[in-house]
1. If I ask for residues that are under 21 Å from residue 143 (Cβ atoms) and exposed (fewer than 13 other Cβ atoms within 10 Å of the Cβ), which ones from region 172-197 would you list?
2. Filter region 116-144 for residues that are buried (at least 23 other Cβ atoms within 10 Å of the Cβ) and under 20 Å from residue 187 (Cα atoms) and give the result.
3. Filtering region 10-28 down to residues that are touching a helix residue (DSSP H, G or I) at 6+ places or on another chain (Cβ under 6 Å) and modelled with pLDDT of 95 or more, which residue is nearest to residue 53 (Cα to Cα)?
4. Scanning for something under 22 Å from residue 23 (Cβ atoms) and in contact with a helix residue (DSSP H, G or I) (Cβ under 6 Å, 6 or more places away or on another chain), does region 81-91 turn up at least one residue?
5. Kindly state which helices (runs of 4 or more DSSP H) lie completely within region 19-102 and contain at least 1 residues that are assigned by TED's automatic domain parsing to the domain that holds residue 158 and in contact with a strand residue (DSSP E or B) (Cβ under 8 Å, 6 or more places away or on another chain).
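The values are calculated or read from the model by the stated rules, or taken from the named source; none is laboratory data. This is a predicted model, so every value here is computed, not measured. Glycine also receives a Cβ, built like all others from the backbone with ideal geometry; neighbour counts cover every protein chain displayed.
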């Protein structure tokens with residue numbers, strides 16, 4: 001099945017909304033990511049597909065690793081793994097936070113990204129304090145771009161250690177960029193910054 005999403009450069013509205021509907025089958029998700037589009041919607045809505053302008057990204061060489069974080073990661077009690085337990089990571093990311101009972105990582109999204117993981121496109125990083133899972137992140141990796149979806153922390157610097165591990169892999173494998181979608185002060189403090197939608201899409205290997 002061939003999925004054709006609208007061109008976000010000409011079809012996105014002022015908020016970055018590109019399309020409404022479609023499903024969450026693997027071929028739909030992959031077609032979207034290859035055009036710089038991702039799903040984000042609330043329970044009870046049809047899937048909403050976004051390509052924001054500007055786009056928040058992290059270039060691996062621009063990651064800011066504080067001295068305290070680097071020192072913590074050298075402690076023997078901490079270790080980071082790759083794809084060790086994708087299910088645990090996405091469920092932890094979906095869990096309510098800070099008293100908010102709502103989550104955008106709905107059950108159907110969890111199942112969809114588990115399918116992408118089985119197919120080798122979705123990946124997770126787990127952060128362990130000895131045998132306790134204290135942080136992690138997950139996202140989709142296509143054509144040397146990692147589309148980060150969500151991260152969580154159950155202890156100090158848990159998510160930062162996951163991101164630092166992801167950045168190190170990105171440097172070693174010469175990834176183009178880590179997409180983090182929207183601006184947050186937290187991500188900006190770690191070196192992420194905004195670029196235009198057109199500049200982001202120019203980095204993609206667009207489908208023919």
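1. Narrowing region 172-197 to residues under 21 Å from residue 143 (Cβ atoms): 172-181, 192, 195-197.
Those that are under 21 Å from residue 143 (Cβ atoms) and exposed (fewer than 13 other Cβ atoms within 10 Å of the Cβ): 172, 173, 174, 196.
2. Once the filter is applied, which keeps residues that are buried (at least 23 other Cβ atoms within 10 Å of the Cβ) and under 20 Å from residue 187 (Cα atoms), region 116-144 yields 124, 125, 126, 127, 135, 136, 137, 138, 139.
3. Going through region 10-28, the residues touching a helix residue (DSSP H, G or I) at 6+ places or on another chain (Cβ under 6 Å) turn out to be 18, 22, 24, 26.
Applying the additional criterion that residues be modelled with pLDDT of 95 or more yields 18, 24, 26.
Details: 18: 11, 24: 23, 26: 25 Å.
Restricting to residues being touching a helix residue (DSSP H, G or I) at 6+ places or on another chain (Cβ under 6 Å) and modelled with pLDDT of 95 or more, the top hit is 18.
4. So in region 81-91, the residues under 22 Å from residue 23 (Cβ atoms) come out as 86-87, 90-91.
If we keep only those that are in contact with a helix residue (DSSP H, G or I) (Cβ under 6 Å, 6 or more places away or on another chain) too, we end up with 86, 90.
Yes, that holds for at least one residue.
5. Details: elements: 26-33, 67-73, 86-94.
By residue number, 67-73, 86-94.
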